[in-house]
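Single-structure report; data block below.
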Amino acid sequence: MKRAALFVIAGPVGIVAYGLVRLWGRSDGAYGPGFDWQAAHLVALAGMVCFVPGVLALARLLPGSPWRTGVVAGALVGLAATMVQFGADIVEGLLAEDRTEMSRLAADFKDIPGVEVAFYDVVPQLFFVGLLVLTGMLAARRRLPWWSVPLLLAGIVLPVVTLDLLPIGGLCMALALAPALPLVQQREEPAEPSVAVH
């Protein structure tokens with residue numbers, strides 16, 4: 001699989017892995033701080049990083065326009081905010097000795113003016129909105145099937161209901177974006193060299 005296509009699918013797979021590691025960590029009733037907390041959030045952070053080239057690869061399947069640029073920019077800003085959120089969770093897990101102290105550190109971080117809006121409540125949602133709009137644009141141009149849009153929406157909404165549904169949500173996202181993989185791979189294929197006729 002070509003690199004760009006790999007990134008398109010690696011982002012959702014990161015969400016699936018995050019959800020599975022989180023469920024494993026919660027199975028003993030003592031999730032965080034510790035190895036399970038760090039592993040889950042590192043996997044999630046890696047997934048968010050993979051979404052950056054993945055979103056750019058999907059955007060290249062559309063003709064250039066100010067609308068496409070705005071949607072991609074919003075998605076990337078949301079991704080950056082999400083990465084900060086996961087990075088903060090990782091740092092808090094490293095500094096805290098127990099769950100109570102970790103919660104206190106998280107509260108202290110959120111008490112900084114603008115942090116909760118920028119990295120938790122509002123800006124991170126731009127990624128999901130941007131990805132959904134981008135998927136709709138691809139479906140409108142038949143680069144993706146129509147069902148990719150509701151399937152992606154389900155993948156976004158399910159973890160909002162409960163984070164225990166993260167693995168299913170990530171799987172829905174992967175299935176929604178998977179039909180674009182051949183097109184992304186095709187775009188990466190080098191052009192056939194022209195042969196001069198003398």
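Any read-out appearing in this document is the output of simple, stated calculations on the displayed coordinates, not a laboratory observation. For clarity, every value in this text was computed on a predicted model and none was experimentally measured. Quick reminder, even Gly has a Cβ in these numbers, built from the backbone with ideal geometry, and neighbours come from all protein chains shown.
Applying the Karplus relation 6.51 cos²θ - 1.76 cosθ + 1.60 with θ = phi - 60° to region 120-136 yields 3J(HN,Hα) values of 10, 8, 10, 4, x, 5, 4, 4, 5, 5, x, 5, 5, 5, 4, 5, x Hz, where x marks Gly and Pro. In order along region 3-14, the phi-based Karplus estimate (6.51 cos²θ - 1.76 cosθ + 1.60, θ = phi - 60°) of 3J(HN,Hα) comes to 4, 4, 5, 4, 5, 4, 8, 5, x, x, 4, x Hz; Gly and Pro are listed as x.
Close amide-amide hydrogen proximity is noted between Gly32 and Trp37, each under 5 Å apart and 5 or more residues distant or on a separate chain (H modeled in the peptide plane; Pro and chain starts excluded).
For Leu95, neighbours were defined as the other residues whose beta-carbon sits under 14 Å from its Cβ, and their charges (Lys and Arg +1, Asp and Glu -1) total -4. Remark: region 143-156, residue by residue, has Karplus-estimated 3J(HN,Hα) of 7, 9, x, 4, 6, 5, 5, x, 5, 5, 4, 4, x, 7 Hz, where x stands for each Gly or Pro and the curve is 6.51 cos²θ - 1.76 cosθ + 1.60 at θ = phi - 60°. Summing Cβ point charges (Lys, Arg +1; Asp, Glu -1) relative to the Cα centre of the chain gives a dipole of roughly 1040 debye.
In deg cm²/dmol and to the nearest 500, what is the mean residue ellipticity at 222 nm of the chain if only DSSP H runs of at least 4 residues count, each as -39500 (n - 2.57), divided by the residue total?
Counting only the DSSP helices, I get -24000 deg cm²/dmol.
Dimensions of the chain based on its C-alpha atoms, expressed as ranges along the principal axes with the largest first, amount to 76, 35, 34 Å. For the peptides 120-132, 25-37, the ranking by mean Cβ contacts within 10 Å, running from highest to lowest, is 120-132, 25-37.
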